Every structure is written in C-alpha cells, then in structure tokens.
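Everything on this sheet refers to the single structure shown next.
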C-alpha cells in the first residue's frame, strides 16, 4: 500500500490506470439545468468573454479565468460551489476549484 504525506492510502484514492485521484466533489453534484449561454456580469459590464463555464452545483453560467472578468471563479468564491465544466457540449473538461485541477 502506498501512502501520501498525510498517511492516506494513495492506491484507494487513485483513478483507473494510475490516473490522478478522483475528485470527491463530483459525487456530490446534483443534476442541474444550465443557464443561458452568456455571462450576465460581462454583459452588464460591457466586457467580452473568452470561454463560458457552467457551475455543476447550480447551473450558473459565467466567463472563465482567461476572460477579463473571471466571473466563474468569482461565483466559486461567493458560493463555494466547487466544480465547473466547459459550456461547449463537445467537451468533457471539468475543473475543481478546491483541488485546483481538471477532474
């Protein structure tokens, strides 16, 4: 059994085929309906977004960190909703703000 620096069993927490550990926050996500495909804060401020993200806890749509407003991160700071996904339906990319990595 392999242990990490905290004495936790790394093998039990890892994903299949040696992938990064699974994010437990994914197990806590409800099924949500996505909001409109636009960042409301950017529209109100006259900003343009680069990419849109959807909060997987509540469905709020906001701009990504590479957009001038970084409103998705602001939403996380205000709500503690940990996981967002790319709004584009052709991708499975998700980000956990708590772990600071793609999940």
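Observations on the model:
- Taking one quarter of the surface of the C-alpha convex hull of the stretch 17-102 gives a mean projected area of 6.0 nm².
- Stretch gain in nm, segment residue 38-residue 90, where the contour uses 0.36 nm per residue and the Cα spacing is subtracted: 17.0 nm
- Going by neighbour counts of Cβ atoms within 10 Å, the residues 80, 24 line up, fewest first, as 80, 24.
Laboratory data are not the source of any read-out in this text; all were calculated from the coordinates shown. Because the structure is a prediction, the values reported are computed rather than measured. Neighbour counts are summed over all protein chains in view; Cβ atoms, including those assigned to glycine, are modelled from backbone coordinates with ideal geometry.
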